[in-house]
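The next block holds one structure in the form of structure tokens; read it before the comments.
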Amino acid sequence: MTDSAPKKTKRDKLAETALSNLTQRRQSVPTASITAELIGSRHEKIPVNKIERNPWQPRLRVIQVEVEDLAKSIAESGQIEPVIVRPKGERYELIAGERRWLAHRYLNRSHIEAIIRHVEDHQMAMLTLVENMQRKNLTDYEIGISIHRVVREFKFKKDLSEALGIGRTDFYRYLTFSELPEWVCSRLNESPSLISKRTAEGLKILLQGKNAEHYRMIILAALDKLERGSLQQGEFVQYIAKAVQPKPDMIEKISSVFELNGRKIGIMQFTSNKSLILKLDGSVITGDKFKELEAFVKRLIG
């Protein structure tokens, strides 16, 4: 009786399909050689301390309790699925299985079961993205910035949605994140799950043809509300649009813009009904500064 070939998982098939579709467009790396490399992978135990993190890892945060739960499972039942790595000199670079690797480090295990594959950078980036998209808890933002990085670094865009197994509409919604203001992305780097790809698309449409800086404070305030749960995902864009819409009986004219270290912190406005409105970021007016401002206004109108 001859040994049958190991059964490929759905993730393996999807990764190979993605690599085949994409690398056919790179004459320097024939598809046949890629398939051979994937099939020719070897399986062995390697030192945990010789593995480095994947430079294309889309996850921005690893939840420690998940690592600890996985470590407990490995301690009780053993490692069910090997990690996937590629050689890097005398060390290895992780392709897939970051939480399994971290769980072994948590357990102080010296070695880990691994599949070793010889892949190029663009292959590794695709394998990593496809593998992680099949896992749980990867946010729309993390997927979006990873797709954008693959497009930017390897010039893949045409048919990339098909290669990744997602519709073209969702594909372009994911790319929307890369078109949002830098200060929105900075906030999402800290809390990747704050907005979905649909919400990102709505925000992009709202800001089209406008100066995004005029919306900065209200957008950041709306993100705060989302994080606290006092604003729902479906209300986010409408909330911002309503907040910045001028009232019919009160057309505002900006007289001054206040900045601190290049960041807009407030505006002073004179309205059509002869009212003077001062808006400042509350984080810069606290304690004694508030009292000084109050005293100054009293002297000014006294």
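Every number here is computed from the coordinates shown, using simple stated rules; none is lab data. Worth saying up front: this structure is predicted, and the values here are computed from it rather than measured. Reconstructed Cβ throughout: ideal geometry from the backbone, glycine too, with neighbour counts over all protein chains shown.
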Exercise for the section: Please give the contour-minus-distance gain from Q233 to L278: 0.36 nm per residue of separation, less the Cα-Cα distance, rounded to one decimal in nm. Expected result: 13.2 nm
Fill in the blank from the handout: The size of the Cβ-based charge dipole (Lys, Arg +1; Asp, Glu -1) of segment 74-221 about the Cα centre, to the nearest 20 debye, is 200 debye
Problem - Two-decimal Rg/Rh across segment 184-244, once Rg and the Kirkwood Rh are taken from alpha-carbon atoms - result: 0.91
Problem - Theoretical gain in end-to-end length, V65 to V151 [0.36 nm per residue, Cα-Cα removed] - result: 27.7 nm
Practice task
Can you figure out the FRET efficiency of H111 with Y172, using R₀ = 30 Å and their beta-carbon distance, to the nearest 0.05?
Solution key: 0.10
Fill in the blank from the handout: Quick note on L102, L278, L129, ordering by fewest other C-beta atoms within 10 Å, gives L278, L102, L129
Fill in the blank from the handout: Computed for segment 175-235: size of charge dipole around the Cα centre, +1 on C-beta of each Lys and Arg, -1 on C-beta of each Asp and Glu, debye to nearest 20, value 120 debye
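Please arrange F290, F154 by counting, for each residue, the other beta carbons lying within 10 Å of its beta carbon, fewest first.
On the way: F290 12, F154 18.
Ascending Cβ contact count within 10 Å gives the list F290, F154.
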Exercise for the section: Residues in segment 136-158, backbone N under 11 Å from the label point at E81 (7 Å along the Cα-to-beta-carbon vector): list them, ranges by number please. Expected result: 136
Exercise for the section: With unit charges on the beta carbon (Lys/Arg positive, Asp/Glu negative), name the residue among S186, L206, G229 whose Cα is farthest towards the positive pole of the charge dipole of segment 184-244. Expected result: L206
Fill in the blank from the handout: Quick calc: nm separation of the 7 Å Cα→Cβ label points for D224 and S196 -> 2.6 nm
Exercise for the section: Give me the distance in nm between label points sitting 7 Å out from Cα along the Cα-to-Cβ direction at E259 and I285, one decimal. Expected result: 2.1 nm
